[in-house]
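Step one of this worksheet: look at the structure below.
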Amino acid sequence: MRKCCVGQTLALAATLIFSSGLGAQTAPKIAAKAEKSAASQAVPRMADGAPDFSGVWEGHMPASTRRWAIYSFTGDIPAMTPWGKSQYEATKPSWGPRAVEDSTDMVNPTTGNEIGCFPTGVPRIYVQPFPLEIIQIPGRVVELFEFNHFVRQIYTNGAHEHAKDLDPTWMGDSVGWWEGDTLVIDSIGFNDKTWLDRAGLPHSDQLHVVERITRPKRDALVVHIVIDDPKTYAKTWEGERIYQLEPDWKLTEMICEDNITFNDLKKAGKEQ
């Protein structure tokens, strides 16, 4: 009986020694694999240490927001001034809670101009259903939008102030700077001929937009947007867009005039 127990003890000891040897060999491999995985998810950086936002990005909002994310960057209708409310009620959007069937989006409800292929403005450009490419070089971040190939150039060379004699423009005047790993973009100088989203949220020429862009991980980009327009809204409000990196994508040609012509032909065919 004793000999049997001794044999079992020796066998168990051998097994434990063999297992510990395997564990000692496996642990470094697991650690190396984890280190490699962490490195693959690390956010790339520029030579000056700033995070590199370069790449092609596609809108990728969480499932809980997709009901409204196709037309806006906020699920709420912000409190408006009497002037702002009158502008909003005069819009005829093709998306959102006030969508009108077969509607043509209007640029300016006071003039009745159809949107056609005019620039979308900021922040509406972010909710157009097309990808965005960012090119980043020292002192400048360039946003290339596939939608009609609109371009924004944000200079980050230390100038935080806008020019004093700005003319109103569709996309506004933007200056940028870094706060740690966050790119801050401050934009003013807009005309009042665009909407803030595809659902008809209006704005005036007093619009002030602040974007805070971060890259929390390699394949994700977050654009947090703050809207300040005292002529149109009762208080400052905010929203955001989340993007997913598409490393194998390239921007393709998207010509708004071709889309308009195609839609006109479809409409004409229905009426015949």
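The values are calculated or read from the model by the stated rules, or taken from the named source; none is laboratory data. Note that the structure is a prediction, hence the values are computed from the model and not measured. Here Cβ is always computed from backbone atoms with ideal geometry, including for glycine, and neighbour counts include all displayed protein chains.
At-a-glance table
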{"read-out": "Test: Pro247 is farther than 21 Å from Thr120 by Cα and part of a loop (DSSP other than H, G, I, E, B)", "value": "yes"}
{"read-out": "Residue check for Ile185: assigned by TED's automatic domain parsing to the domain that holds Tyr88 and touching an Asp or Glu at 6+ places or on another chain (Cβ under 7 Å)", "value": "yes"}
{"read-out": "Residue among Lys235, Lys217, Lys193 that is surrounded by fewer than 21 Cβ atoms within 10 Å (Cβ to Cβ), touching a helix residue (DSSP H, G or I) at 6+ places or on another chain (Cβ under 7 Å) and in contact (Cβ under 8 Å) with a residue 40 or more places away in the chain", "value": "Lys217"}
{"read-out": "Leading residue by the ranking (nearest to the chain's Cα centre (by Cα)) among those in region 154-174 that are in a strand (DSSP E or B) and over 17 Å from Phe53 (Cα atoms)", "value": "Ser174"}
{"read-out": "Residue in region 210-222 that is under 30 Å from Lys85 (Cα atoms) and either in a loop (DSSP other than H, G, I, E, B) or at pLDDT below 95 (or both) present", "value": "no"}
{"read-out": "Answer residue from region 141-169, given it is at pLDDT below 95 and in contact with a Phe, Trp or Tyr (Cβ under 8 Å, 6 or more places away or on another chain) and is nearest to Trp68 (Cα to Cα) among those", "value": "Phe147"}
{"read-out": "Inter-residue pairs, beta-carbon under 8 Å, first surrounded by 15 or more Cβ atoms within 10 Å (Cβ to Cβ) and in region 60-81, second among the acidic types (Asp, Glu) and part of a loop (DSSP other than H, G, I, E, B), 6+ apart", "value": "Tyr71/Asp197; Ser72/Asp197; Phe73/Asp197; Thr74/Asp197"}
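Rundown of residues vs (1) more than 22 Å from the chain's Cα centre (by Cα); (2) at pLDDT below 95, yes/no style:
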site	(1), (2)
Asp48	yes, yes
Ala79	yes, no
Val107	yes, yes
Pro119	no, yes
